[in-house]
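> Can you read through this structure? Questions will come right after.
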Amino acid sequence: MQPYRRKRRKPVAEINVVPYIDVMLVLLIIFMVTAPLVTQGVIVDLPYAQAEALSQDSKPPIVASVDKDGLYYLDVGDGDKSPMSPDDLATLVAAHLKLQPDTPVIIKGDGSVAYAQVIRLMVVLQQAGVSSVGLMTDPVE
């Protein structure tokens, strides 16, 4: 009688990659389906936002406004509230920034004004030499 000998199995040094390929293909399909949904825009209401207020120690800002009729106004602290043309607005902002170059510039747009009107105001300010613009909002209640 021969003694009972166990067969020793050699360890397999290979990794079975088939389950990983399956998972990868499922993730690929999920990303292909969801990618077009992520890149679409969302409808937002710009005038209301939770934002930090300007610091009290900064200079009083130049406030360029556009009302619901698309008329432009400029407030540099003098209290003048008459509508002006984009060229006049650009000239006044450029002159004020030559005197005080580090004055912050803020856009105050009516909530019902077209987005294109706010963009036009931003372009006018850019042509006047403004490097950065802030947007004024009402706080969320």
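> Are any residues in region 82-140 charged (D, E, K, R), at pLDDT 85 or above, under 23 Å from the mean Cα position of the chain (by Cα) and within 18 Å of P60 (Cα to Cα), and if so, which ones? Give the steps one after another, and end with the answer.
Looking only at region 82-140, we keep the residues that are charged (D, E, K, R), and these are 87-88, 98, 102, 108, 110, 120, 138.
The next check asks that each one be at pLDDT 85 or above; those that pass are 87-88, 98, 120.
Add one more test, that the residue is under 23 Å from the mean Cα position of the chain (by Cα), and what stays is 120.
Hits for region 82-140: nothing passes.
> With the requirement that a residue be farther than 21 Å from T137 by Cβ, of a type in the set (A, V, I, L, M) and exposed (fewer than 11 other Cβ atoms within 10 Å of the Cβ), what does region 66-118 give you?
Matches in region 66-118: L99 only.
> Continuing with the same structure: Give, as residue ranges, the strands (runs of 3 or more DSSP E) completely inside region 60-125 that count at least 1 residues that are among the charged types (D, E, K, R) and free of Cβ contacts under 8 Å to residues at least 40 places away in the same chain.
Details: elements: 62-66, 72-75, 105-109.
Where strands (runs of 3 or more DSSP E) fall fully within region 60-125 and carry at least 1 residues being among the charged types (D, E, K, R) and free of Cβ contacts under 8 Å to residues at least 40 places away in the same chain, they are 72-75.
> If I ask for residues that are within 16 Å of L71 (Cα to Cα) and either of a type in the set (D, E) or touching a Ser or Thr at 6+ places or on another chain (Cβ under 8 Å) (or both), which ones from region 84-141 would you list?
D87, D88, I107, K108, G109, D110
The values are calculated or read from the model by the stated rules, or taken from the named source; none is laboratory data. Bear in mind the structure is a predicted one, so any value in this text is a computation, not a measurement. Cβ sites come from the backbone with ideal geometry, for glycine too, and all protein chains shown count toward neighbours.
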